[in-house]
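Notes follow once the structure below has been shown.
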Ligand code: SF4
């Protein structure tokens, strides 16, 4: 009987079975950022511990970083303190840091792959739930809390329980105007926001096989929105081509040896899965969320659900509609938006910006909409500028910002105001997520955000291409 | 600290998929300690906030009947979303000692256990029964017994479940994992050395 990638990576990284019955797993790469690490570094200090493997640890700053004016000290005193704490901790403990002036700075899940830190077959942990993104490379990558950040810093290990594996095959071909974001939103809608608890999601099928690494990252990124802490794609030729020449990737003959090993850790053809699901590409359409969790979505051609009955789901739908200011039964297309945000670790890579720019080119942002683009990293920003994408966005009336998490969450100056409605390429439409306690988020692909920006309302992007 | 049972009054927080952004809004993560977080629990939906004022209903955490509660009752997929440990930290600092629910998001469950805040599950209809009884009589004590695997209040008793390792951690007081992970560090280095990407292929 063959093994899945998850089983192979798990076995290779197992140190021992702990007295608790959990498995002690070696962490191959620990990514650190400013928000979830200060208390962990303090815990090390208190006990006189060092960081166990500086060679397996890398830090950046993204969540609190202002995307417009990055002059230090930041206007926000708390953000400044947090940034200073990260700098101090990295200096004191010797952790490499891509700080604000570093041209490698960016959202932690964008820069890991970009720098070649993220590699197939690794175990990767970070104090951030979207660490699942790195699974696109065939790594077993997952988010952890601050106490676990402390554990990894001190011991390079975690105490974990085994996971089951659900294979999700996306088969056939994707219709025009349908993106990776629509695929993952559909998966979450079908399997539920809690459907993946206890599972790793293995994404497979011919559509995933043909996807670029950027698209695979978008899918793996939102595994956690489906409750799955881990999501991955088996490494293949496309993965290897992406890896080639990255600063931290092996080079020369070592690269060839690496390829052989990377191939060997992919799931075997006769691997056994705990569950198997098929999603047919032909059935997919552009998707928009109408509610307050990422599973509450509908096709852009569809209608917002009606809250029938008062119990359980009926109540949840009624609450969500009230919060969103939507009426059951109305078409989602045509919903007026106030803000258009293109960014976040889900959709802020070069290919995302290209797709959005294709829609924006030669058009103008609707007068009542505030639209802005936040590249995922300093290097995405540079690359986009080399192609002139910034010019296209600016000419249309978008703001062009510097890399950071921005309006994905309310920790930096980019926030919704009052009950504004935001067409967003990010990953969470939770109440208050974008910084205003009454702010409203509609999740969609970057191309759909671009379409909403220029028309001023939710629009089927297929009408504009 | 060993923990075999928690006894106290309870606070029912109804709703599925209550995410950690709701429990602890992101703006309060801009601090380098966990101190004082309890003052911001569910802030955006509680009295005094714009959103709270709009809904008008009394939030369970504002309801004087539940003041001093040490057991939180929740429904399905509690603690979904962001991995912020600030959420369980704030609940614990607000006096919550155990959470009984239909199900929990994985990262939230692990984070809570790491800080000694056990999350246990019970059957959905039993959780509903507990909630109704507490809403009727908020002053009645509940007893969550990790050793016996039960949750009891006068006249009602149901089974609770928690993974074996979590139960062991509570009963032996060994949920602070770092020491355990550091115990045999040579073995960690051995694993590191056999991984091709660590060795440089
Ligand atoms: S972009 Fe959003 S989801 Fe991604 S790491 Fe930043 S805050 Fe988290």
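Which number in (1) in contact with a helix residue (DSSP H, G or I) (Cβ under 8 Å, 6 or more places away or on another chain); (2) more than 16 Å from the ligand (Cβ to nearest atom); (3) free of Cβ contacts under 8 Å to residues at least 40 places away in the same chain marks the one condition that residue A:447 misses?
Condition not satisfied by residue A:447: (3).
Within the bounds of the stretch A:140-156, is there any residue that is more than 9 Å from every other protein chain (Cβ to nearest Cβ), part of a helix (DSSP H, G or I), within 16 Å of the ligand (Cβ to nearest atom) and modelled with pLDDT of 95 or more?
Scanning the stretch A:140-156, I find no residue that is more than 9 Å from every other protein chain (Cβ to nearest Cβ), part of a helix (DSSP H, G or I), within 16 Å of the ligand (Cβ to nearest atom) and modelled with pLDDT of 95 or more, so the answer is no.
Could you list, in sequence order, all residues of the stretch A:109-130 that are within 12 Å of chain B (Cβ to nearest Cβ) and within 12 Å of the ligand (Cβ to nearest atom)?
We begin by selecting, within the stretch A:109-130, every residue within 12 Å of chain B (Cβ to nearest Cβ); these are A:116-130.
A:126, A:127, A:128, A:129, A:130 - these are the residues of the stretch A:109-130 that are within 12 Å of chain B (Cβ to nearest Cβ) and within 12 Å of the ligand (Cβ to nearest atom).
If we scan the stretch A:182-201, do we find a residue that is touching a helix residue (DSSP H, G or I) at 6+ places or on another chain (Cβ under 8 Å) and assigned to a strand (DSSP E or B)?
yes
Just the residues that are within 13 Å of another protein chain (Cβ to nearest Cβ) and within 16 Å of the ligand (Cβ to nearest atom), please, taken from the stretch A:52-61.
A:61
Would you mind finding the one in A:410, A:418, A:435 that is at pLDDT below 95 and at the interface with chain B (Cβ under 9 Å from one of its Cβ atoms)? Lay out the reasoning, then the answer.
Numbers: A:418 fails: at pLDDT below 95; A:435 fails: at pLDDT below 95.
Result: A:410 is the single residue among A:410, A:418, A:435 that is at pLDDT below 95 and at the interface with chain B (Cβ under 9 Å from one of its Cβ atoms).
Scan the stretch A:391-405 and tell me whether some residue there is within 16 Å of the ligand (Cβ to nearest atom), farther than 30 Å from residue B:56 by Cβ and within 14 Å of chain B (Cβ to nearest Cβ).
Step one: filter the stretch A:391-405 for residues within 16 Å of the ligand (Cβ to nearest atom), giving A:401-405.
Within this subset, residues satisfying the condition of being farther than 30 Å from residue B:56 by Cβ are A:401-405.
Checking the rest, the ones that are also within 14 Å of chain B (Cβ to nearest Cβ) come to A:404-405.
Yes, there is a match, as at least one residue in the stretch A:391-405 is within 16 Å of the ligand (Cβ to nearest atom), farther than 30 Å from residue B:56 by Cβ and within 14 Å of chain B (Cβ to nearest Cβ).
Which condition does residue A:40 not pass, out of (1) touching a residue at least 40 places away in the same chain (Cβ under 8 Å); (2) farther than 20 Å from residue B:29 by Cβ; (3) part of a helix (DSSP H, G or I), if it passes all the others?
Against the list (1) touching a residue at least 40 places away in the same chain (Cβ under 8 Å); (2) farther than 20 Å from residue B:29 by Cβ; (3) part of a helix (DSSP H, G or I), residue A:40 comes up short only on (2).
Could you count how many residues in the stretch A:71-103 are within 16 Å of the ligand (Cβ to nearest atom) and more than 13 Å from chain B (Cβ to nearest Cβ)?
Matching residues across the stretch A:71-103 total 2.
Can you name every residue in the stretch A:433-465 that is part of a loop (DSSP other than H, G, I, E, B) and over 19 Å from residue B:42 (Cβ atoms)?
Of the residues in the stretch A:433-465, the ones part of a loop (DSSP other than H, G, I, E, B) are A:433-439, A:444-445, A:456, A:458-460, A:464-465.
Once the filter is applied, which keeps residues that are part of a loop (DSSP other than H, G, I, E, B) and over 19 Å from residue B:42 (Cβ atoms), the stretch A:433-465 yields A:444, A:445, A:456, A:458, A:459, A:460, A:464, A:465.
Does residue A:319 satisfy being within 16 Å of the ligand (Cβ to nearest atom) and part of a helix (DSSP H, G or I)?
Numbers: within 16 Å of the ligand (Cβ to nearest atom): no; part of a helix (DSSP H, G or I): yes.
When the stated conditions are applied, residue A:319 does not pass them.
Report, by residue number, each residue of the stretch B:105-121 that is facing another protein chain (nearest Cβ under 8 Å) and in contact (Cβ under 8 Å) with a residue 12 or more places away in the chain.
At the first step, the residues of the stretch B:105-121 found to be facing another protein chain (nearest Cβ under 8 Å) are B:105-107, B:110-111, B:114-115.
Result: B:105, B:107, B:111, B:114, B:115.
Considering every residue within the stretch A:119-128, establish whether at least one is in contact with a helix residue (DSSP H, G or I) (Cβ under 8 Å, 6 or more places away or on another chain) and part of a helix (DSSP H, G or I). Walk me through it before giving the result.
Our first condition is that a residue be in contact with a helix residue (DSSP H, G or I) (Cβ under 8 Å, 6 or more places away or on another chain); within the stretch A:119-128, this holds for A:119-128.
From what's left, part of a helix (DSSP H, G or I): none.
No.
Can residue A:133 be described as within 13 Å of the ligand (Cβ to nearest atom) and either outside the structural domain of residue A:222 (by TED's automatic domain parsing) or in a strand (DSSP E or B) (or both)? Quick ask: steps written out before the conclusion?
Numbers: within 13 Å of the ligand (Cβ to nearest atom): yes; either outside the structural domain of residue A:222 (by TED's automatic domain parsing) or in a strand (DSSP E or B) (or both): yes.
Yes.
Could you tell me which residue of the stretch A:354-377 is nearest to the other protein chains (Cβ to nearest Cβ), considering only residues that are away from the ligand (no atom under 15 Å from the Cβ) and either in contact with a strand residue (DSSP E or B) (Cβ under 7 Å, 6 or more places away or on another chain) or modelled with pLDDT under 95 (or both)?
To start, the set of residues in the stretch A:354-377 that are away from the ligand (no atom under 15 Å from the Cβ) comprises A:354-371.
So of that shortlist, the ones also either in contact with a strand residue (DSSP E or B) (Cβ under 7 Å, 6 or more places away or on another chain) or modelled with pLDDT under 95 (or both) come out as A:356, A:365, A:369-371.
Working: A:356: 25, A:365: 27, A:369: 23, A:370: 20, A:371: 22 Å.
Step by step, filter the stretch A:354-377, then rank; the result is A:370.
Considering only residues that are over 15 Å from residue A:106 (Cα atoms) and in a loop (DSSP other than H, G, I, E, B), which ones fall in the stretch A:70-87?
Hits for the stretch A:70-87 are A:71, A:72, A:73, A:74, A:75, A:76.
Report the residue count in the stretch A:227-263 for those that are assigned to a helix (DSSP H, G or I) and at the interface with chain B (Cβ under 10 Å from one of its Cβ atoms). So that I can check it myself, show each step before the final result.
Within the stretch A:227-263, the first condition is being assigned to a helix (DSSP H, G or I), and the residues that meet it are A:237-243, A:253-263.
From the residues that got through so far, the ones that are at the interface with chain B (Cβ under 10 Å from one of its Cβ atoms) too are A:253-262.
Counting residues in the stretch A:227-263 that are assigned to a helix (DSSP H, G or I) and at the interface with chain B (Cβ under 10 Å from one of its Cβ atoms) gives 10.
Conditions (1) away from the ligand (no atom under 15 Å from the Cβ); (2) not in a strand (DSSP E or B), marked per residue:
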site	(1), (2)
A:385	yes, yes
A:411	no, yes
A:422	no, no
A:427	no, yes
A:431	yes, yes
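Taking the stretch B:157-178 only, how many residues are in a helix (DSSP H, G or I) and more than 9 Å from every other protein chain (Cβ to nearest Cβ)?
Keep residues of the stretch B:157-178 that are in a helix (DSSP H, G or I), which gives B:164-172, B:178.
Applying the additional criterion that residues be more than 9 Å from every other protein chain (Cβ to nearest Cβ) yields B:167, B:170-171.
Number of matching residues: 3.
Among the listed residues A:279, A:219, A:224, A:207, identify the single one that is surrounded by 22 or more Cβ atoms within 10 Å (Cβ to Cβ), away from the ligand (no atom under 16 Å from the Cβ), in contact (Cβ under 8 Å) with a residue 60 or more places away in the chain and outside any loop (DSSP other than H, G, I, E, B). Walk me through it before giving the result.
Numbers: A:279 fails: surrounded by 22 or more Cβ atoms within 10 Å (Cβ to Cβ); A:219 fails: away from the ligand (no atom under 16 Å from the Cβ); A:224 fails: away from the ligand (no atom under 16 Å from the Cβ).
One residue alone meets the criteria, A:207.
Would you mention how many residues in the stretch B:151-201 are over 30 Å from residue A:256 (Cα atoms), surrounded by 16 or more Cβ atoms within 10 Å (Cβ to Cβ) and touching a strand residue (DSSP E or B) at 6+ places or on another chain (Cβ under 6 Å)?
Summing the residues that are over 30 Å from residue A:256 (Cα atoms), surrounded by 16 or more Cβ atoms within 10 Å (Cβ to Cβ) and touching a strand residue (DSSP E or B) at 6+ places or on another chain (Cβ under 6 Å) in the stretch B:151-201 gives 8.
Would you pick out the residues in the stretch A:157-181 that are within 14 Å of chain B (Cβ to nearest Cβ), surrounded by 24 or more Cβ atoms within 10 Å (Cβ to Cβ) and not in a strand (DSSP E or B)?
Within the stretch A:157-181, none qualify.
Residue A:348 - would you say it is away from every other protein chain (no Cβ under 14 Å), assigned to a loop (DSSP other than H, G, I, E, B) and either away from the ligand (no atom under 16 Å from the Cβ) or touching a strand residue (DSSP E or B) at 6+ places or on another chain (Cβ under 9 Å) (or both)? Can you show your working first?
On the way: away from every other protein chain (no Cβ under 14 Å): yes; assigned to a loop (DSSP other than H, G, I, E, B): yes; either away from the ligand (no atom under 16 Å from the Cβ) or touching a strand residue (DSSP E or B) at 6+ places or on another chain (Cβ under 9 Å) (or both): yes.
It is true that residue A:348 is away from every other protein chain (no Cβ under 14 Å), assigned to a loop (DSSP other than H, G, I, E, B) and either away from the ligand (no atom under 16 Å from the Cβ) or touching a strand residue (DSSP E or B) at 6+ places or on another chain (Cβ under 9 Å) (or both).
With the requirement that a residue be surrounded by fewer than 16 Cβ atoms within 10 Å (Cβ to Cβ) and closer than 20 Å to residue B:3 by Cβ, what does the stretch B:112-142 give you?
Applying the first criterion (surrounded by fewer than 16 Cβ atoms within 10 Å (Cβ to Cβ)) to the stretch B:112-142 yields B:123-125, B:129, B:132, B:136-137, B:139-141.
Correct list: B:141 only.
Go through (1) free of Cβ contacts under 8 Å to residues at least 60 places away in the same chain; (2) on the phi > 0 side of the Ramachandran plot and name the single condition residue A:406 misses.
Result: residue A:406 fails condition (1) only.
The values are calculated or read from the model by the stated rules, or taken from the named source; none is laboratory data. Every value quoted in this text rests on a predicted model; they were computed, and no experiment measured them. For neighbour counting, all protein chains shown are included, and Cβ atoms are generated from backbone atoms with ideal geometry for every residue, glycine included.
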